[in-house]
Structure formats: structure tokens, C-alpha cells
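Have a look at the structure below, then the notes.
Each value in this text was obtained by applying a stated rule to the coordinates, not by laboratory testing. Note that this is a predicted model, so its numbers are computed, not measured. Reconstructed Cβ throughout: ideal geometry from the backbone, glycine too, with neighbour counts over all protein chains shown.
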Amino acid sequence: MKQTAIALAAGLIFGAGLAVSGMADPQRVQAFLDLFGAWDPTLAFVMGGAMIPMAIAWVVQRRMAAPVAASRFDLPGTNRIDPRLAIGALVFGAGWGIGGLCPGPAIADLAIAPAPAAMFIAAMLAGMAVHRFAIR
């Protein structure tokens, strides 16, 4: 129950941050990615600003014996960049540029613009299913 409450609170804070920062607005995201047109640099400040609390979180995590809601930390290892990772990043970036959304903002947009967000999420889930059953 405690883990669920913490996850829900973190998700609500994350979603609110996406909405307040404009990262859930597809037009703003596309304007940010339009480097040679009407470029909007505001999301660069959002992303740069996100690095500050993350750096603090890593410092705090190193000093903790265990997380608040678990018996131990379960952190992923570092992997080398391989072709699968590079291709996945390119596909993700292309989808982000075309749709103006990525998974987090799309879910947050269900509260702001439900119909377009639902279409994006349906397509995203279909792509995930194709990957799971056809590629693996």
C-alpha cells in the first residue's frame, strides 16, 4: 500500500510538472524541435532545470542504506550503446517530433485533451504490441 501511494504521488507530481512546464503541449514540443523555423527554446530550460533535482536525488540516494518503500535499491546497470538502442532512440525521437508527444505527456494529456491523447496512446500501445509479438 505504501509503495502504491508513493507511486501515485510521484505520478501526480510528474504529470503536474509536465502540464505546468508545457511539455504536455504538442505544439510547444514541435516548436522546440523546429530548429530552423519558429524555434521555441523554453523546453530546453525545462529539461535543464530537471537536471538539478535529479543530481540532488543521486546524491541523496548514495547516502541512503535503502529506499523509503523497499528493502534495497534495484538500480539498472550501465550498458554500452548498441544498434538496437540507437535505432530505438531514433524511432522514439521521430515519433516525438511527428506527434509532439511521448508516453508521459500523452498520459498527462488525457486530462487536458482526452481525444487526441487517447488516439496517441492507442497507437503507442499498438506499436508496443507489434514490437512484443513480432520483433522479440
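If the elastic network links every pair of Cα atoms under 10 Å, which of Arg80, Arg63, Arg72 fluctuates the most in the Gaussian network model of the chain?
Comparing Arg80, Arg63, Arg72 in the GNM, the peak value goes to Arg80.
How large is the dipole of the chain about the Cα centre if only Lys and Arg carry +1 and Asp and Glu carry -1, each at its Cβ, rounded to the nearest 20 debye?
So the magnitude is around 620 debye.
Tell me, how many Å apart are the Cα centres for the stretch 55-133 and for the stretch 23-41?
Result: 20 Å between the Cα centres.
How high is the relative contact order of the chain, in percent, with contacts defined as C-alpha pairs under 8 Å that are six or more residues apart?
That works out to 29 percent.
Can you tell which of Ala94, Ala70, Ala44 shows the greatest fluctuation in a Gaussian network model of the chain with Cα springs below 10 Å?
Among Ala94, Ala70, Ala44, the largest GNM mean-square fluctuation belongs to Ala70.
For Asp40, which sequence-distant residues (separation of 5 or more, or a different chain) have an amide H within less than 5 Å of its own amide H, given hydrogens modelled in the peptide plane?
Those lying under 5 Å, H to H, from Asp40 are Phe32, Asp34.
Quickly work out the Ala118-to-Phe133 label distance, labels modelled 7 Å from Cα along the C-beta direction, and quote it in nm with one decimal.
For Phe133 paired with Ala118, the spin-label model returns 2.3 nm.
Within the set of other residues whose C-beta is less than 9 Å from the C-beta of Gly100, count the net charge using Lys and Arg as +1 and Asp and Glu as -1.
Neighbourhood net charge equals 0.
Hey, can you rank 51-59, 31-39 by average C-beta count inside 10 Å, highest first?
31-39, 51-59
For the chain, take the longest principal axis of its alpha carbons; what is the angle in degrees between that and the long axis of helix 2-21, to the nearest 10 within 0 to 90?
Helix 2-21 sits roughly 40 degrees off the main axis of the chain.
So, in nm, how far is label Val20 from label Leu85 when the simple model puts each one 7 Å beyond its Cα toward the Cβ?
Spacing of the two 7 Å Cα→Cβ label points: 3.3 nm.
Net charge within 12 Å of Asp40 by Cβ-Cβ distance, Lys/Arg positive one each and Asp/Glu negative one each, not counting Asp40 itself?
In short, -1.
Calculated from DSSP H runs of 4 or more alone, at -39500 (n - 2.57) each and per residue, what is the 222 nm mean residue ellipticity of the chain, nearest 500?
-23000 deg cm²/dmol
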